[in-house]
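Working notes, beginning with the structure itself.
Every read-out reported here was derived from the displayed coordinates using simple, explicitly stated rules and does not represent laboratory data. The shown structure was predicted, so the numbers you read here are calculated from the model rather than taken from an experiment. Neighbour counts are summed over all protein chains in view; Cβ atoms, including those assigned to glycine, are modelled from backbone coordinates with ideal geometry.
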Amino acid sequence: MRVVIAPDKFKGTATASELVEAIGAVVVAAGHEAVGVPMADGGDGTLDALGGANRTSTVTGPLGDPVEADWRLANGVAVIEMARASGLVLAGGAEGNAPLEATTRGTGELIATAVARGAKRVIVGLGGSATTDGGLGAVEAIGSPARLGGVRVEVATDVTTRFVDAARIFGPQKGATSAQVAFLEARLRGIATRYRDDFAVDVESAEGAGAAGGLGGGLLALGAEIISGFELIADELGLAEAIADADLVVTGEGQLDRESFAGKVVGGIADLCDEGDTPLLIVAGAIDPDHGGLPSGAEAISLSERFGVEAAMADPCGLAADAVAAWFAAQ
């Protein structure tokens, strides 16, 4: 069989590339052809999926201290993960973050650097942010839409959150108290008014403008386009074509739940498999019982259920390989 292996990362425990390598070895050992397509949906892993970093720049971190941010520039196309410059991990997690002060300025500096170095297309992956500044830090770092003149900026995200809703939906994950969430909501409304006055762009009505604490809206105000991260990356990697020629697709993620089928990698791959009646095997670190049901032609394996939670967290790649090997043996 021709087996396409296209997982997302298992957040915090395994990258998509590591999973492809581990599962691919099992597929080959079983006598099949393995085609690896490490995937992402616009969040963590986007840079790796699109070729990996080949540049590093010193920029303003989420709490104002300088950070070294990896990014990519090749053939006039730049790939930036906002989390590398403005991420929650850089702020020390929710416990170390300052939700009211956290800034996207460093992401704007990366975009400006990419343009200055000749990028004509800039892909910005949103996800893992420490910020709820409405993208104002990034906008101020870039300066004006004129600085992006002639440059196509694509904002890749897996959420459709509205601009002001970003505070309520994501603020608590970034360490914001209920009082701080109320303040952030009011501030986002004010920033939306500023964008409307300064750039004649209504960020409040745009789906996805609330991604990364409103960074999606800030970049939209400067002329960027907000698009599905999964669709962008799938197009760049030729995923649909690979699946069209496959006899089996193996995908996976850390937690399979209802959100998996709403703009995430697993859901996007399930749709592509459904179009061609291609069998789909989903390997997940854990499966939420309330995931809403699997698509037709799909099977799912929970590493936590099969091997235990502790083991699944400690060795997701090895256990994913074991699970796939057992699946092939049972066919």
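Each residue of the stretch 124-141 is assigned a 3J(HN,Hα), and the resulting list reads 10, x, 9, x, x, 7, 8, 10, 9, 9, x, x, 4, x, 5, 4, 5, 5 Hz, derived from the Karplus form 6.51 cos²θ - 1.76 cosθ + 1.60 (θ = phi - 60°), x at Gly and Pro.
Amide hydrogen proximity for Gly36: with H placed 1.01 Å from N in the peptide plane, the residues at 5 or more positions away or on another chain lying under 5 Å are Ile5. For Lys9, the lysines whose Cα comes closer than 19 Å to its Cα, not counting residues fewer than 8 places off in the same chain, are Lys264. The modelled label-to-label distance for the pair Arg121/Ala329, using points 7 Å beyond Cα in the direction of Cβ, is 4.5 nm. Sequentially through the stretch 176-191, phi angles give Karplus couplings (6.51, -1.76, 1.60; θ = phi - 60°) of 7, 7, 4, 5, 5, 4, 4, 5, 5, 4, 5, 5, 4, 4, x, 5 Hz, Gly and Pro residues having no value and appearing as x.
Here the stretch 219-261 and the stretch 68-85 have alpha carbon centers that stand 19 Å from each other. In the chain, the longest principal axis of the Cα atoms and the axis of helix 265-276 are about 50 degrees apart. Residues of the stretch 277-302 with an amide N closer than 14 Å to a point placed 7 Å from the Cα of Gln255 along the Cα-to-Cβ direction: 285-291. Placing unit charges on the Cβ atoms only, positive for Lys and Arg and negative for Asp and Glu, gives the chain a dipole magnitude near 1200 debye about its Cα centre. Under 17 Å from the Cα of Lys11, which aspartates and glutamates turn up, not counting those fewer than eight places away in the same chain? Result set, ordered by chain and number: Glu21, Asp41, Asp44, Asp48, Glu81, Asp158, Glu253, Asp257, Glu259, Asp288, Glu310, Asp315.
Antiparallel DSSP bridges in the stretch 1-124: what percent, to the nearest 5?
On the way: 10 of 18 bridges.
Here the share of antiparallel DSSP bridges comes out near 55 percent.
For the options Ala167, Ala25, Ala176, a Gaussian network treatment of the chain with springs between C-alpha atoms closer than 10 Å singles out Ala25 as fluctuating the most.
Phi-derived couplings, Karplus 6.51 cos²θ - 1.76 cosθ + 1.60 at θ = phi - 60°, listed residue by residue for the stretch 152-164: 8, 10, 10, 9, 9, 8, 10, 10, 10, 4, 6, 4, 6 Hz, with x used for Gly and Pro. Going Cα to Cα from Lys120, which aspartates and glutamates come in below 13 Å? Please leave out same-chain ones fewer than 8 positions away. Correct list for Lys120: Glu154. Rounded to the nearest 5, the antiparallel percentage of DSSP beta bridges internal to the chain is 25%. Counting Lys and Arg as +1 and Asp and Glu as -1 over every other residue whose Cβ lies under 15 Å from the Cβ of Phe199, the net charge comes to -3. In this simple spin-label approximation, Ala179 and Glu231 carry label points 7 Å from Cα along the Cα→Cβ vector, and these lie 4.3 nm apart.
Estimated purely from DSSP H runs of n ≥ 4, each contributing -39500 (n - 2.57), the mean residue ellipticity at 222 nm for the chain is -12000 deg cm²/dmol once divided by its residues. Any idea how far apart Leu100 and Thr193 come out in nm if each label point goes 7 Å out from Cα toward Cβ? Simple spin-label model gives 1.9 nm for this pair.
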